[in-house]
1. For a quick check of your reading of the filter: which GluC sites (Glu not before Pro) in region 1-106 sit in a DSSP loop and have no more than 16 other Cβ atoms within 10 Å?
2. Of the accessible area of region 100-148, with the probe set at 1.4 angstrom, what percent is carbon plus sulfur?
3. Using only Cα atoms, locate the centre of region 61-128 and the centre of region 15-60, then give the distance between them in Å, rounded to an integer.
4. Mind ranking 87, 36 by accessible surface for me, highest first, 1.4 Å probe?
5. Take the residue pairs 87/111; 114/138; 27/114; 27/118 and return only those whose Cα atoms are more than 20 Å apart.
6. Just the Cα atoms of the chain: what Rg and Dmax do they give in Å?
7. With the other protein chains left in place, how much accessible area per residue, in square angstrom, belongs to the chain at a 1.4 angstrom probe?
8. 5 Å is the cut-off here: which amide hydrogens, built 1.01 Å from N in the peptide plane, fall below it relative to residue 60, excluding neighbours closer than 5 in sequence?
Amino acid sequence: MADVLMVYGSTTGNTEWVAEEIAKQMKGAGHTVAVKGAGSVTADGLCQGHDLVVFGCSTWGQDEIELQEDFVPLFEAFDSIGANGVKTAVFGCGDDDYTYFCGAVDAITEKLEKLGSKVVGGKLKINGDPGDARDEIKSWTDGVLAAV
Ligand SMILES: Cc1cc2nc3c(=O)[nH]c(=O)nc-3n(C[C@H](O)[C@H](O)[C@H](O)COP(=O)(O)O)c2cc1C
């Protein structure tokens with residue numbers, strides 16, 4: 001069974017809700033999952049000792065991609081998280097009326113790949129109310145678990 005760390009940044013609670021849904025499903029499959037807010041973790045060595053690290057972040061801004069505010073300091077310190085060789089997965093909530101729909105998911109994924117992480121499961125980008133995306137969340141989580 002896998003040891004999973006989940007780190008999320010969420011302002012209005014949507015990405016937090018999705019994080020808890022994913023965690024519930026993973027725990028139900030017998031895995032150990034710790035869910036933490038991005039503002040409460042230390043970047044240094046964050047990924048070390050875990051089989052999978054799942055990052056969730058909503059997107060803000062208008063003309064450029066802005067990560068959810070709690071996630072910004074962590075992202076700026078991503079070089080120190082020890083992602084090289086570690087499996088990760090990325091999800092987030094957004095709104096496809098914006099130019100950069102779930103741009104934070106793209107930015108985090110790109111950075112993790114540059115750091116040598118294997119990003120599994122593809123990108124989960126949720127448009128609007130995540131309560132309407134339960135099936136999407138479930139099948140993404142199944143795909144991530146199959147790759148761990
Ligand atoms: C001022 C503002 C800017 C936003 N910018 C974007 C954006 O660039 N891309 C996007 O996909 N969603 C954007 N959104 C939508 C939020 O990401 C969306 O409401 C999301 O569900 C919030 O998730 P959270 O509650 O986890 O923070 C924006 C929302 C607001 C209010």
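1. The qualifying sites are 64, 69.
2. 46
3. Measuring centre to centre over Cα atoms gives 13 Å.
4. Output order, biggest surface exposure first: 36, 87.
5. Check vs 20 Å cut-off fails for 114/138; 27/114; 27/118.
6. Rg then Dmax for the chain, in Å: 13.8, 42.
7. Normalised by residue count, the accessible surface of the chain is 48 Å².
8. Distant-sequence amide H within range of residue 60: 66, 67, 68.
The values are calculated or read from the model by the stated rules, or taken from the named source; none is laboratory data. Fair warning: this is a prediction, and the values are worked out from it, not measured in the lab. Glycine gets a Cβ as well: all are built from the backbone with ideal geometry, and neighbour counts include every protein chain shown. For the accessible areas, the whole protein counts, side chains as well, though only heavy atoms, and no ligand, DNA or RNA atoms are used. Shrake-Rupley method; radii C 1.70, N 1.55, O 1.52, S 1.80 Å.
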